[in-house]
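The block underneath contains the structure these notes are about, expressed in structure tokens.
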């Protein structure tokens, strides 16, 4: 899927360069973070002069230089992974099993594996720079004097450190999936890159430090319980270890924990900075020409680019550019409203308008279909189209379409169950752990009350969709088991989030379109906008109707838990609210600008009634 | 050059200013002398005595309700949550001997002393940081004598005949021309309301700057409920960003700015997503007042020290404007966004800044002028009226420019000690194109004994301009200015003369220009 995308001119000419620039900046920042790390790793409160002089001598050491080279490599790989895995439309898993599928997906496994390995490399560099007891894997068993031929022991500190790196790398990758770290959201305001980075940096540092603290805690617990197996694995059993670290006293070594935390912070900070820079560079506004006099450049002009389906980032940047030009640039708006030179057709406007309207009506249709699914309690007919639609986006996200589509049926099966389950409170939306706490698997309610319901519903569903009754019975049997129920239960609100996952595009389309229409009141000399006004209004009103209906569904209007940090971008969770607000603003922008003139626009009576509400400021 | 000396003297005592017609302000005793045209906004009265303010100061009564037998851990955790590090240190320092070892108490009290010393040093740099948050709101509010005023904030809806009033008892009432119900908004967090603003291009959203958060109410205009539940309000808060003293919606309704005098960052809120982007600039010690230009291209942000910034909203960069005397108290933009009038605390003048952009393609802030020009001198002038001498003049508390750019109302701070120098509203006639001109119009008087506290223009009054004034006795009155807009003739396709009424009359009356760009 990516190979076809990579040949696109935009990916080759813009995205690659942006990604490269972001990696270059992260590499340039690496010496700074490394120096800071070296300073802090030698920290001693009581010998400040020794501390500073030691740190300086360390900085010039060949180990640090070598580590830097290695770390550059790591950052490069992280950058490549960022580029490969980023998405502008997040995949929102609707059930636990879908989330599990995401985690276990081969692509994700590669991500985790590589990040674990890079974690080991980073902590190896950190251990080398700290030196001392983390120097080497094997150490003489007795510390008194180096007698030749002495028995070598395992330096468990070293092993502990390297495993910590692997653990942190893995947890970075895992949390990345759970928290949708690969999702790239666009800023509401256009700040320059340096200021954005400067504003975010303190938050990223704090976030990395806190995450590292959690990782250290989890890792220590992990090591405490599984530490004995680790040296079995490495066949070091015959050598006795110098210090046992899988004991409480062994782990309560303050200096060790400090170094571990610092290394973890260093690791996460370098990776997070790379990620942050990547996001900042990739979401920078790109200005597409509205029209070109050269035929070879026509494919790079805004009207053409807008209508392309792939790559998604191109579509998003084009819509953002449309939004910006509609708001800020008179001369570019004039180009949009202009007529083609021979012929006098408003090709630019027609193409832009058509694309925006098709986006909006797609969303309306998607919403209506979803409402039908919910209303019919998951009967099969709308299912196929629905799953197809979702899978197009999930394909681009590198999700397991196979798992999803096969599970889709069960999800639908559990829709009505999920909606009626009292435990699926709106507040348990995104946080997995809280949801675990809410569901009471031992409750007898599941078995007794739900099973007849499922029995009644099940065959109907499956005769209609696949006709394989046997399979349905198996599913019914499974559905009664508590664990399966838990895994297949719909996460509340998630389906609503998934529906609006790509709504940033719709918001821009709405804003851009309404701004252009409002500007046309004064700037459109040829009246090209007026011809489209009826269809624009009716599309928006249809969407308004669908959105209003959607917000009447349970869980749709409940607010998600706000994430605490900048890097865990949860913008997609509130996109439906943003879309609703943008839609109203767009409608009002048009009605305020045109006022009474809208009465002469052709439209159905129902729409006119709705529009009247807007004109009286009653929406 | 004293601008006020050219003004016609204020009307006789006991009379109130009713309206402006034929280029002069008409005074009278009752409103009966004018024919009604369309919807008349209600003149409301909120007597100070009927409103009960919150008498509890912050956290003074809290100790009485807390269980003191809690363990140290519980109390420390609560102190940390409520007031951060200093609260925690204070809690530990005040512990008894048997709970904590002696060295810890001593260490904590020392750290606390050090912390206080550092913060007092910080406070000496920025004296406003030593104020309590209520005093801070009073200091930086646009309302004159905010803490004792019955009406604390007022906001007209930008598109329809509807306004919101915030009262001393922390409630907000909404009056609508189309419905008889006047909903009252109350919320647990709605305390010390410093500013209100309706969201543009929206019928229902009202942003409220509160004591420690921002509230965005969604008041359904078709609802008949008189007490919308607090579930209709979105709470937007950011640590360290309180009290909020000023808010500003972008004219296209997409973003909300908020400012707090203790936070050097100005917040750009995406209200639907409840997320914010801090725009941090060190220097100034906070942000006190925000004003978004009507065309949306620039934002004025003043700070508590002698410095203000003008942000441009394409890439959010700012230019710094240091003032000589004091902080920028207030400012207002011309309707086309090219001119900014502002006043500085400690000076009795109005300054103007001009931003000239190439038409269509604003080049950010490259086109602004190098220095601000003085356009009006508001120093003290005495008028002899039938009741004797009246002295008028002083510093500017707040200013408002009507949406057509033809009337400028300036609220002058009086002298609370001198009874013959009350707070006054001076109204100027203004013209923006082709050149900027300022002419005297008159003083707006209220009922006897009532001082103006707050003023705002109606955003779309059809027959001229409508000035809404909140008075110290709790009265909200509306003063219409009837005139034919000079800009209105441009829209007329007929070949009407370019300057129909105001200019010819100005010449007729022998009025003198106070300020014109030509002369400067």
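Observations on the model:
- Just one residue in the set A:559, A:573, A:618 is at the interface with chain B (Cβ under 10 Å from one of its Cβ atoms) and surrounded by 19 or more Cβ atoms within 10 Å (Cβ to Cβ); that residue is A:573.
- Residue in segment B:217-226 that is more than 12 Å from every other protein chain (Cβ to nearest Cβ) and over 24 Å from residue A:617 (Cα atoms) present: no
- First in segment A:558-580 and under 18 Å from residue A:197 (Cα atoms), second anywhere and surrounded by fewer than 20 Cβ atoms within 10 Å (Cβ to Cβ) and modelled with pLDDT under 80, Cβ under 9 Å, 6 or more apart: A:569/A:563
- Being under 30 Å from residue A:494 (Cα atoms) and exposed (fewer than 14 other Cβ atoms within 10 Å of the Cβ) holds for only one residue in A:62, A:57, A:109, A:116, and it is A:109.
- Segment A:161-203, residues that are within 14 Å of another protein chain (Cβ to nearest Cβ) and part of a helix (DSSP H, G or I): A:193, A:194, A:195, A:196, A:197, A:198, A:199, A:200, A:201, A:202, A:203
- Filter result (surrounded by 20 or more Cβ atoms within 10 Å (Cβ to Cβ) and more than 10 Å from every other protein chain (Cβ to nearest Cβ)) within segment A:591-614: A:594, A:610, A:611
- Verdict on residue B:194 being within 14 Å of another protein chain (Cβ to nearest Cβ), surrounded by 22 or more Cβ atoms within 10 Å (Cβ to Cβ) and touching a strand residue (DSSP E or B) at 6+ places or on another chain (Cβ under 9 Å): no
- A residue that is touching a helix residue (DSSP H, G or I) at 6+ places or on another chain (Cβ under 6 Å) and in contact (Cβ under 8 Å) with a residue 12 or more places away in the chain occurs nowhere in segment B:162-185.
- When the strands (runs of 3 or more DSSP E) confined to segment B:370-437 are screened for residues that are at pLDDT 90 or above, those reaching at least 3 such residues are found at B:373-377, B:396-401, B:407-412, B:424-431.
- Residue count for segment A:202-220, restricted to those that are in contact (Cβ under 8 Å) with a residue 60 or more places away in the chain and buried (at least 19 other Cβ atoms within 10 Å of the Cβ): 3
- Of everything listed in (1) modelled with pLDDT under 95; (2) assigned to a helix (DSSP H, G or I), the single unmet condition for residue A:377 is (2).
- In segment B:400-420, the count of residues that are under 22 Å from residue B:374 (Cβ atoms) and touching a helix residue (DSSP H, G or I) at 6+ places or on another chain (Cβ under 7 Å) is zero.
- Within segment B:310-334, being within 14 Å of chain A (Cβ to nearest Cβ), buried (at least 20 other Cβ atoms within 10 Å of the Cβ) and outside any loop (DSSP other than H, G, I, E, B) holds for B:311, B:312.
- Residues in segment B:273-298 that are in contact with a strand residue (DSSP E or B) (Cβ under 9 Å, 6 or more places away or on another chain), part of a loop (DSSP other than H, G, I, E, B) and within 12 Å of another protein chain (Cβ to nearest Cβ): B:274, B:281, B:295, B:297.
- Boolean, residue A:325 is within 14 Å of chain B (Cβ to nearest Cβ) and touching a helix residue (DSSP H, G or I) at 6+ places or on another chain (Cβ under 6 Å): yes
- Candidates A:136, A:120 - the one that is within 22 Å of residue A:258 (Cβ to Cβ) and not in a helix (DSSP H, G or I): A:136
- The set of residues in segment A:328-345 that are in a helix (DSSP H, G or I) and either under 13 Å from residue A:523 (Cα atoms) or away from chain B (no Cβ under 13 Å) (or both) comprises A:330, A:331, A:332, A:333, A:334, A:335, A:336, A:337.
- Scan of segment B:241-263 for residues that are without any contact (Cβ under 8 Å) to a residue 60 or more places away in the chain, assigned to a loop (DSSP other than H, G, I, E, B) and away from chain A (no Cβ under 12 Å), ordered by number: B:241, B:244, B:260, B:263
- Screening the candidates A:104, A:70 for the property of being modelled with pLDDT of 85 or more and touching a helix residue (DSSP H, G or I) at 6+ places or on another chain (Cβ under 8 Å) yields one hit, A:70.
- Among the criteria (1) at positive phi; (2) modelled with pLDDT of 85 or more, the one residue B:84 does not fulfil is (2).
- Here B:199, B:162, B:178 are screened, and the one residue that is facing chain A (nearest Cβ under 10 Å), under 17 Å from the mean Cα position of the chain (by Cα) and over 22 Å from residue B:146 (Cα atoms) is B:199.
- Restricting A:513, A:483 to those that are in a helix (DSSP H, G or I) and surrounded by fewer than 22 Cβ atoms within 10 Å (Cβ to Cβ) reduces the list to A:483.
The values are calculated or read from the model by the stated rules, or taken from the named source; none is laboratory data. Small disclaimer: the values here were computed from a predicted structure and weren't measured. Neighbour counts are summed over all protein chains in view; Cβ atoms, including those assigned to glycine, are modelled from backbone coordinates with ideal geometry.
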